[in-house]
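The values are calculated or read from the model by the stated rules, or taken from the named source; none is laboratory data. Only a predicted model underlies this, so the values are computations on that prediction, with no experimental measurement involved. Here the Cβ positions follow ideal geometry from the backbone for every residue, glycine too, while neighbour counts run over all protein chains shown.
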Amino acid sequence: MENLLQSHLALCERIYELILEENQILKITGKAPEALFLERKRALLCQIEASLEKLRGANGIPGSRTQPERTLIDKTQQMVMKTLLLDRENEQLLLKSALSGNLPPITPKPPLGHLQRIYGKQMAAKSAVWKCG
């Protein structure tokens with residue numbers, strides 16, 4: 001279990017470094033990272049999911065943790081919290097970038113009445129087709 005925790009912590013640290021790199025890109029350029037960067041991020045996210053599955057499988061009895069395991073768990077939790085805070089800052093920087101026009105515009109949602117009219121027309125057409133008359 002201790003080896004799994006060590007490798008999970010190392011992966012969390014790599015993710016933090018990547019999020020930190022993203023933060024620097026956002027601060028320097030004011031733009032979202034390139035596609036290659038996002039692929040690296042996706043690959044690490046897949047790795048963390050696999051690592052979490054391994055940890056869940058080897059969970060054992062929670063009260064039976066050794067001191068080194070508890071220390072690794074605490075370090076991992078601290079790293080995750082640190083990463084989440086930095087990721088939240090990145091989200092705010094991305095939003096700021098989007099609002100300043102550096103990102104493609106987000107298409108607004110159509111008004112509810114418009115959607116209801118479209119949906120009503122489609123339902124009327126479908127019911128007409130299904131009537132055997």
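So here's what we get for this one:
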| read-out | value |
| --- | --- |
| Residue pairs meeting the criteria (Cβ under 9 Å; at least 6 apart or on separate chains; first within 17 Å of Leu72 (Cα to Cα), in the range 46-60; second outside any helix (DSSP H, G or I)) | Leu55/Met1; Ala58/Met1; Asn59/Met1; Gly60/Met1 |
| Qualifying residue in the range 54-66 (condition: part of a helix (DSSP H, G or I) and closer than 25 Å to Ser100 by Cβ) | no |
| Unique residue being of a type in the set (S, T, N, Q) and at pLDDT 85 or above when the list is Gln116, Gln122, Gln24 | Gln24 |
| Single unsatisfied condition, Lys109 versus (1) charged (D, E, K, R); (2) exposed (fewer than 10 other Cβ atoms within 10 Å of the Cβ); (3) at pLDDT 75 or above | (3) |
| Pairs, first charged (D, E, K, R) in the range 78-98, second part of a helix (DSSP H, G or I), C-beta under 9 Å, six or more apart | Lys82/Tyr16; Asp87/Ile19; Asp87/Glu22; Asp87/Asn23; Glu89/Asn23; Glu89/Leu26; Lys96/Leu26 |
| Given (1) at positive phi; (2) at pLDDT 65 or above, index of the condition Gly133 fails | (2) |
| Boolean, Pro33 is at pLDDT below 90, out of contact with any Gly (no Cβ under 6 Å at 6 or more places or on another chain) and loosely packed, with under 10 Cβ neighbours inside 10 Å | no |
| Residue count, the range 58-98 (criterion: among the hydroxyl-bearing types (Ser, Thr, Tyr) and surrounded by fewer than 11 Cβ atoms within 10 Å (Cβ to Cβ)) | 2 |
| Checking Lys31 against (1) in contact (Cβ under 8 Å) with a residue 40 or more places away in the chain; (2) assigned to a helix (DSSP H, G or I), the condition it does not meet | (2) |
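Yes or no, residue by residue, for (1) surrounded by fewer than 12 Cβ atoms within 10 Å (Cβ to Cβ); (2) charged (D, E, K, R); (3) under 15 Å from the mean Cα position of the chain (by Cα):
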{"position": "Leu4", "(1), (2), (3)": "no, no, no"}
{"position": "Ile15", "(1), (2), (3)": "no, no, yes"}
{"position": "Leu18", "(1), (2), (3)": "no, no, yes"}
{"position": "Glu22", "(1), (2), (3)": "no, yes, yes"}
{"position": "Ala43", "(1), (2), (3)": "yes, no, yes"}
{"position": "Cys46", "(1), (2), (3)": "yes, no, yes"}
{"position": "Arg56", "(1), (2), (3)": "yes, yes, no"}
